[in-house]
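Asks: Take a look at the following structure, please.
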Amino acid sequence: MGSPQVDGAGNLVPRSGVPHDRSHFPHPDHPPRRHARDPRRTDRGRRGPVTLTAAPAEARGWSADLDPAELKRRVEYGVGRALGRVEATDDQKKKVADILNAAIDDLRPMREQHMTARQAMRQALSAASVDKPGLERLRAEQVQLADRASQRFLRAVTDASDLLYPEQRRKLVQAMGERRGWRR
């Protein structure tokens, strides 16, 4: 099989010779990135709106280095997008954003504890002799920390869901399933 054909602008030309339709990209100057191992593949990397379950992302390590004000802005934006789909009132949106921001504030120290424990685990594993009881203690602490973070996250989600009407919750879960692919 020969090497791929490239036109004068550096774009790959399909075997059919007909150029790809790029009208679905937001701007002609921003074509998809080429995949590192196979230049014929593209990585579109599209991101959807933040949903309620993605907003308190500190529990999963996302947005960890963001300024707290920027993180708050992102939460409010995501809540506005997600709850706008279910025709939530401005008061509902504000209260849900407040709940999620409070959860993020509670989860941030847990993330810092987790990162400290990861560093301790790296150091223990790179030592001349491995301290198995010490590693087991670290593992048990991390399981407890993950459980506390999961409980806090669930409390935020359930508190936020209490503010929505049943029909709004149903529509939100349906929209999240369509957007995120909850098909399992």
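The values are calculated or read from the model by the stated rules, or taken from the named source; none is laboratory data. Computed from a prediction, not measured in an experiment: that's the story for all the values here. Every residue, glycine among them, receives a Cβ derived from its backbone with ideal geometry; neighbour counts consider all protein chains shown.
Asks: Report the residue count in region 104-113 for those that are without any contact (Cβ under 8 Å) to a residue 40 or more places away in the chain and surrounded by 18 or more Cβ atoms within 10 Å (Cβ to Cβ). Please lay out each step first, then the result.
Replies: Pass one, region 104-113, residues without any contact (Cβ under 8 Å) to a residue 40 or more places away in the chain: 105, 109, 112-113.
From the residues that got through so far, the ones that are surrounded by 18 or more Cβ atoms within 10 Å (Cβ to Cβ) too are none.
Residues meeting the conditions: 0.
Okay, residues lined up against (1) at pLDDT 80 or above; (2) in contact with a helix residue (DSSP H, G or I) (Cβ under 9 Å, 6 or more places away or on another chain):
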site	(1), (2)
E58	no, yes
W62	no, no
D65	no, no
E70	yes, no
R73	yes, no
E76	yes, yes
L83	yes, yes
D105	yes, yes
A117	yes, yes
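Asks: Can you name the condition, by its number, that V86 falls short on among (1) touching a Phe, Trp or Tyr at 6+ places or on another chain (Cβ under 8 Å); (2) outside any helix (DSSP H, G or I)?
Replies: (1)
Asks: Please pick out the residue among L163, L125, L172 that is hydrophobic (A, V, I, L, M, F, W, C) and either over 17 Å from G80 (Cα atoms) or surrounded by fewer than 14 Cβ atoms within 10 Å (Cβ to Cβ) (or both).
Replies: Sole residue among the options that is hydrophobic (A, V, I, L, M, F, W, C) and either over 17 Å from G80 (Cα atoms) or surrounded by fewer than 14 Cβ atoms within 10 Å (Cβ to Cβ) (or both): L125.
Asks: Sticking with this structure for a sec: Taking into account only those residues within region 69-103 that are in contact (Cβ under 8 Å) with a residue 60 or more places away in the chain and within 17 Å of the chain's Cα centre (by Cα), which is farthest from F153 (Cα to Cα)?
Replies: A82
Asks: Is it the case that region 129-150 has a residue that's over 26 Å from G84 (Cα atoms), polar (S, T, N, Q), over 18 Å from the mean Cα position of the chain (by Cα) and not in a helix (DSSP H, G or I)?
Replies: First, pick out the residues of region 129-150 that are over 26 Å from G84 (Cα atoms): 129-150.
Narrowing the set further to residues that are polar (S, T, N, Q) leaves 129, 142, 144, 150.
From what's left, over 18 Å from the mean Cα position of the chain (by Cα): 129, 142, 144.
Filter again for not in a helix (DSSP H, G or I), leaving 129.
Within region 129-150, one or more residues are over 26 Å from G84 (Cα atoms), polar (S, T, N, Q), over 18 Å from the mean Cα position of the chain (by Cα) and not in a helix (DSSP H, G or I).
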